[in-house]
Amino acid sequence: MAEALLRLDDLHVHYTLRGGLGRKVRGKQPEILRAVDGVDLELQRGETLGLVGESGCGKSTLGRAIVGLTDPTSGTVEYEGQALTAKRERAKRRRIQMVFQDPYSSLNPRMTVKQTLAELLKAHNMVPNNGIEARCKELLDLVGLGARALEAHPRQFSGGQRQRVSIARALALEPELLIADEPVSALDVSVQATVLNLLEELKEKLGLTVLLIAHNMAVVRHVADRVAVMYLGRIVEQAETDELFTNPRHPYTQGLLTAVPRLVPGRESQSTGVVGDPPSPIDLPTGCRFHPRCPIAQEPLCSSEDPVLGGNGHVAACHFAWTERPAEHVPEVLEEAT
Amino acid sequence: MTREPLVRVRDLQVEFQLARGVVRAVDGVSFDVEPGEALGLVGESGSGKTVTLRALVGLLPRGAKLVGGTIEVDGVDVTAASDDTQRELRGTTVSMIFQEPMTALNPVMRVGDQIAEEPLVRLGMSRSAAKARALELMALVGIPDPKRRADAYPHELSGGLRQRIMIAIALSGDPKLVLCDEPTTALDVTIQDQILKLLRQLQRELDVSLVFVSHDLAVIAQTCRRLAVMYAGQVVETGPVAEVFREPRHPYTLGLLRAVPDFEIVRDKLASIPGAPPDLASPPPGCRFHPRCPFVQDDCIANAVPLIEVGDHRAARCLHHERVVEDVRREPVIAGG
């Protein structure tokens, strides 16, 4: 296998919530939120990896740690074999860029599109000064906005157009790796499709590698080559997209898939799905993190032993990922209602 | 249809006074809701679906004005009713479930007391009876250990539990009609699944009517029998969900169905609807969808297009609905549907 473009090795991002003096004096341990808790992940050049999970699972924090917006507590981010820290020099920073979820708050409302783009181009010396205007036009053209947009402020755009501007901004620095954090979840359905198609087109045209962070399983299925499922700070399953959707091995992935509402009326899942709420990442369950909500958990194994990501190519962190299960636990994905 | 409809909306018009002019957010919306029926209102942001829903209970946002049409709920004309009558109606006949339980619940009141408020104040129950009723409702909506949870404040509960509390409150006055405004949009998909199942089960068991507003076609497919698709303040298509999704008659409905990523139907490229919804301060002449429509003809631009009956209990606001159907038959929207 070729060398990975990006490699995360045992990455941890912990936030200390209450570690003040008062707590120390009383001899209490500080409260720590384990947003990312031991993630190994590789991205091959040119692929789109979908990272899915529910809110609070740490998927955005993971993205932020890769771009350098958050310092990892431990573990390493390696880019082309070289370690990257959160503080990085300009040339390295340029190569990984991010598109944020909310196009309303991630653009400076006081700057025109041209100012936004020109500032970046200048700071990174991307083009000679007299070429800035032309490059701005080129960038807007790339994301399907006309040159007229140059002098406009963000408020003059619709949500979908704003997201295009955000993408143009990310592309201004000619990155190799694009991290898209929920790029379409704030947009209407009819607009979502255009932005997803645009991302795919750009990926082809510019040879980008993309990490797509999303909670919508269907979006990921359409765009990603490979999918990693995250739960409470860990990757619990990872496989090629088709394989993951047709043959999920982790009960959490299976639950996520059954829970997605279907467009075909009457095809509702009859199974109970995933019960309860995700536990707090401050007070993690012992053993397998999913065991309190798991329909196939077995005591005492699952509450005492932490399963490892096992498998070949398709990996899953479940004690029973590769064993036959009792029939009633096979999730029925489609059930024609009477 | 032997029973009288519970809700009858006719030619509803709601306007907003804005700096850039008068915006007619809801323009001539009509529909009925039968007792015990679940009706879905689907549309994108700005389509007028939420404003329509709020008009049903007289809870229009500030700046909005009802300028025409009638709304009858359980025989009462809401548009003509006094504030007192409207409040009465909201307490007992109609209730509402909001999108954001955290902002809709009272943050400084124990959730058990919030559920008991309705039985206590409106139904005139004694304090202990109201309390017992609250616990009963909490059990009904699937809250584990209601006794302990009744003493919690909203911030102590998870998003899923908070939404269950909202549902319990909505049911506390024994309503005939529950209005749901994107009740699962703020929730994670596994929790959404739990809440949708609960709503479906309650609707069946308690025989209440639902009006369910959502932007998510799949959520509507899983909760409602009938739907109305809204675009730019108007209903553009109505009919039974299964039929509309299998064979849409309006180009907008078709466009939406093709744009939704679904993982049973994987396409090379997601279809999209070009352009953006119109500014309602100056809507386009003729059919409001014509600037974005792939089937557009000259007659679409000339005159406003009425809702046209296109089959049993089905209507579409499109002059060329036959061509939409041809297109669907060539390339089905839902595989095997």
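Key figures for this structure:
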| read-out | value |
| --- | --- |
| Residue match in the stretch A:56-66 (condition: over 24 Å from A:L196 (Cβ atoms) and of a type in the set (S, T, Y)) | no |
| The stretch B:297-327: number of residues that are of a type in the set (D, E, K, R), surrounded by fewer than 15 Cβ atoms within 10 Å (Cβ to Cβ) and assigned to a loop (DSSP other than H, G, I, E, B) | 1 |
| Residues (under 19 Å from B:V229 (Cα atoms), of a type in the set (D, E, K, R) and part of a loop (DSSP other than H, G, I, E, B)) located in the stretch B:40-81 | B:E44 |
| Qualifying positions in the stretch B:118-177 - of a type in the set (D, E, K, R) and within 14 Å of chain A (Cβ to nearest Cβ) | B:D145, B:R149, B:E156, B:R162, B:R164 |
| The stretch A:101-120 - residue that is within 16 Å of A:Q161 (Cα to Cα) and charged (D, E, K, R) and, of those, surrounded by the fewest Cβ atoms within 10 Å (Cβ to Cβ) | A:D102 |
| Single residue of A:S55, A:S106 found to be within 29 Å of A:M217 (Cα to Cα), under 16 Å from the mean Cα position of the chain (by Cα) and among the small types (G, A, S) | A:S55 |
| B:V57 vs. criteria under 28 Å from B:A242 (Cβ atoms), crowded, with 16+ Cβ neighbours inside 10 Å and of a type outside the set (F, W, Y) | no |
| Only listed residue being within 22 Å of A:G63 (Cβ to Cβ), without any contact (Cβ under 8 Å) to a residue 40 or more places away in the chain and among the hydrophobic types (A, V, I, L, M, F, W, C), chosen from A:A86, A:A149 | A:A86 |
| Any hit, the stretch B:17-31, residues being surrounded by fewer than 20 Cβ atoms within 10 Å (Cβ to Cβ), more than 15 Å from the chain's Cα centre (by Cα) and in a loop (DSSP other than H, G, I, E, B) | yes |
| All positions within the stretch B:36-85 that are free of Cβ contacts under 8 Å to residues at least 12 places away in the same chain and of a type in the set (A, V, I, L, M, F, W, C) | B:A80 |
| Which listed residue, of B:V94, B:V189, is more than 13 Å from chain A (Cβ to nearest Cβ) and of a type in the set (V, I, T) | B:V94 |
| Check on A:S158, modelled with pLDDT under 90, over 26 Å from A:R90 (Cα atoms), surrounded by 15 or more Cβ atoms within 10 Å (Cβ to Cβ) and within 25 Å of the chain's Cα centre (by Cα) | yes |
| Some residue of the stretch B:229-239 being out of contact with any Phe, Trp or Tyr (no Cβ under 8 Å at 6 or more places or on another chain), under 30 Å from B:R24 (Cβ atoms) and within 13 Å of chain A (Cβ to nearest Cβ) | yes |
| Residue match in the stretch B:92-107 (condition: assigned to a loop (DSSP other than H, G, I, E, B), without any contact (Cβ under 8 Å) to a residue 60 or more places away in the chain and farther than 23 Å from A:D188 by Cβ) | yes |
| Count of residues meeting criterion [under 15 Å from the mean Cα position of the chain (by Cα) and within 16 Å of B:V57 (Cβ to Cβ)] in the stretch B:171-187 | 7 |
| The listed residue being in contact with a Lys or Arg (Cβ under 8 Å, 6 or more places away or on another chain) and of a type in the set (S, T, Y), out of A:T112, A:T209, A:T194 | A:T209 |
| Of all residues in the stretch B:240-257 being at the interface with chain A (Cβ under 8 Å from one of its Cβ atoms) and buried (at least 21 other Cβ atoms within 10 Å of the Cβ), the one that is farthest from the chain's Cα centre (by Cα) | B:G255 |
| Residues located in the stretch A:151-173, provided they are within 14 Å of chain B (Cβ to nearest Cβ) and outside any helix (DSSP H, G or I) | A:F157, A:S158 |
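Here's the yes/no breakdown for (1) modelled with pLDDT of 90 or more; (2) surrounded by fewer than 24 Cβ atoms within 10 Å (Cβ to Cβ); (3) over 30 Å from A:R90 (Cβ atoms):
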| site | (1), (2), (3) |
| --- | --- |
| A:E176 | yes, yes, no |
| A:A180 | yes, no, no |
| A:K203 | yes, yes, no |
| A:N216 | no, yes, yes |
| A:V227 | yes, no, yes |
| A:G233 | yes, no, yes |
| A:A239 | yes, yes, yes |
| A:F245 | yes, yes, yes |
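The values are calculated or read from the model by the stated rules, or taken from the named source; none is laboratory data. Because the structure is predicted, anything quoted here is derived from the model rather than measured. Note: ideal-geometry Cβ built from the backbone for every residue, glycine included; neighbour counts use all protein chains shown.
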